[in-house]
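Worksheet: the structure to be examined is printed underneath.
Just so you know, all these numbers are worked out from the coordinates, no wet-lab data involved. Quick caveat: nothing in here was measured; it's all calculated off a predicted structure. Heads up, the Cβs are rebuilt from the backbone with ideal geometry, glycines too, and the neighbour counts pull from every protein chain shown.
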Amino acid sequence: MKTPAKIQAIVTVPPYADFLDDVAAHPLVSGFRLNTVMPLRGDPAEVLERLRSFGQPLWVDLKGRQLRVVG
């Protein structure tokens with residue numbers, strides 16, 4: 001009998017949300033994702049430190065040229 005896969009979620013978060021501690025504590029959350037299209041009010045390093053302070057791995061979505069397949 002197979003063991004069911006454990007579901008985990010990397011959550012895209014607004015950088016200044018006041019509920020991030022609750023999201024970080026959720027058992028399904030395995031990381032935070034910062035979409036770099038979201039506007040930042042201050043120093044990006046401070047935003048990254050704030051998001052890291054919640055104890056979840058941090059993924060940063062860097063925008064660049066994205067490959068597209070046209071068929």
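Assorted remarks:
- Size descriptors for the chain (Cα atoms only): Rg and Dmax, in that order, 15.3, 52 Å.
- Only Lys, Arg (+1) and Asp, Glu (-1) charged, at Cβ; the chain dipole about Cα centre in debye: 500
- Scoring 39-49, 10-20 by mean Cβ neighbours within 10 Å over their residues and listing the highest first yields 10-20, 39-49.
- Label sites at VAL47 and ASP22, each approximated as a point 7 angstrom past Cα along Cα to Cβ, lie 2.3 nm apart.
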